[in-house]
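Okay, structure first, notes after.
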Amino acid sequence: MTACSEQSPDLVRATSDARRYEGTIEAVTGVLPGREEKELWLLAHLYEPFSDDNSSGVVAALEAAGVLRRMIAAGELPAPRFTLRVVLAAECYGFAAYAATRGGYLRDQTLGAMNLDGLPMEAGEATVWLAPPGAAFFGDYLLRTLFCEYQGQADPVLFRLQDAGHYADDQFLSDPTTGLPTVWPIGGRTLWHNSAEDMRLIHPKRFTRMTALAATWAGRILGL
């Protein structure tokens, strides 16, 4: 090994016991049917093992859909006008592949989506990213309305709205060439992609409130 200096940097040889191969990663999807076929999507990553990224998002998507289904069956909510679809897949690539099976352009089939990646579950303020400006979405207006309603509560959910949505990562389907405007609630975190991210990090009240926010938002859109 050479001495470390600007003239003679250390050289390191690294090996990785890895392989590339062709295979299949499954996506899981299901619907709560409405009177019309046009769909609202709830998205969550199925193949990330950490509690906030994205086990909690999968749980929240399924619970939101389940609560809405039970309330509709009990007559507590009217039968939905639009269809709710839950899509659980690999981050980015899985959702892109599923969109491709639907023809690639989704604007004429869908209303919009909420991506539950990194769902706020720790104590502290969370952020809800609105859909980026190239994909106009009534869901943004509804989130502003819900934000104002929550702020009027004695014990509000602490989150802020972020207007500057983007076309990468969890909002990439908002790109006008795909046409699925996507909002994204995400929380601050003390750890990220760390093996210590187990279920003990979940703040029960925060996780419950944010799941309820997703279900309330979806339920209002479905009943428009």
Handout entry: Proportion of all alpha-carbon pairs of the chain beyond 33 Å (%)
Key = 22
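Which shape class applies to the stretch 64-108: rounded if a/c is under 1.5, otherwise prolate when a/b exceeds b/c and oblate if not, where a ≥ b ≥ c are the square roots of the Cα gyration tensor eigenvalues?
Numbers: a/c = 5.24, a/b = 2.11, b/c = 2.48.
Oblate, since a/c reaches 1.5 and b/c is not below a/b.
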Practice task
Translational diffusion coefficient, Stokes-Einstein: compute it for the stretch 1-93 using the Kirkwood radius over C-alpha pairs as Rh, at 25 °C and 0.890 mPa s, and state it as an integer in µm² s⁻¹.
Solution key: 144
Problem - Of Phe138, Phe159, Phe95, the one that fluctuates the most in a GNM where the chain has Cα springs shorter than 10 Å - result: Phe138
Exercise for the section: Could you please state how large a percent of the accessible area of the stretch 1-95 is carbon and sulfur, counting protein chains only and using a 1.4 Å probe? Expected result: 54
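Please work out whether the stretch 122-224 counts as rounded, prolate or oblate from its C-alpha gyration tensor, where a ≥ b ≥ c are the square roots of the eigenvalues and a/c under 1.5 means rounded, while otherwise a/b larger than b/c means prolate and anything else oblate?
Oblate shape, in that a/c is at least 1.5 and b/c is the bigger or equal ratio.
List the relative contact order of the chain as a percent without decimals, with contacts defined as Cα pairs under 8 Å and 6+ residues apart. Each step should come with its number before you reach the end.
Working: 419 pairs, mean separation 58.4, N = 224.
Over the chain, the number comes to 26 percent.
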Exercise for the section: Figure the gain on full extension for Ala14 and Glu26 (residue separation times 0.36 nm, minus the Cα-Cα span) and round it to one decimal in nm. Expected result: 1.1 nm
Problem - Lys/Arg +1, Asp/Glu -1 at C-beta; the chain dipole; positive extreme among Gln162, Ala126, Leu62 - result: Leu62
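Hey, what did the stretch 1-112 get for relative contact order, percent, Cα under 8 Å, at least 6 apart?
36
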Handout entry: Simple spin-label estimate for Tyr141 and Ala74 in nanometres, 7 Å along Cα-Cβ
Key = 3.1
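Can you tell me how much longer the chain between Gln153 and Cys92 gets when fully stretched, taken as 0.36 nm per residue apart minus their C-alpha distance, in nm with one decimal? Intermediate values should be presented prior to the final figure.
On the way: separation 61, 0.36 × 61 = 21.96 nm, distance 3.58 nm.
Answer, rounded to one decimal: 18.4 nm.
Pull out the extension gain between Trp192 and Arg160, defined as 0.36 nm times the separation in residues minus the alpha carbon to alpha carbon distance; nm, one decimal. Mind dumping the intermediate values first?
Numbers: separation 32, 0.36 × 32 = 11.52 nm, distance 2.07 nm.
Contour length minus the Cα-Cα distance gives 9.5 nm.
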Completion exercise
Result for the chain: accessible area per residue, probe 1.4 angstrom, in square angstrom, of 54
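The values are calculated or read from the model by the stated rules, or taken from the named source; none is laboratory data. On a predicted model such as this, the values are computed, not experimentally measured, just so you know. Because the Cβ atoms are built from the backbone with ideal geometry, glycine has one as well, and the counts that use them run over all protein chains shown. Note: areas computed on protein heavy atoms with side chains; ligands, DNA, RNA excluded. Shrake-Rupley method; radii C 1.70, N 1.55, O 1.52, S 1.80 Å.
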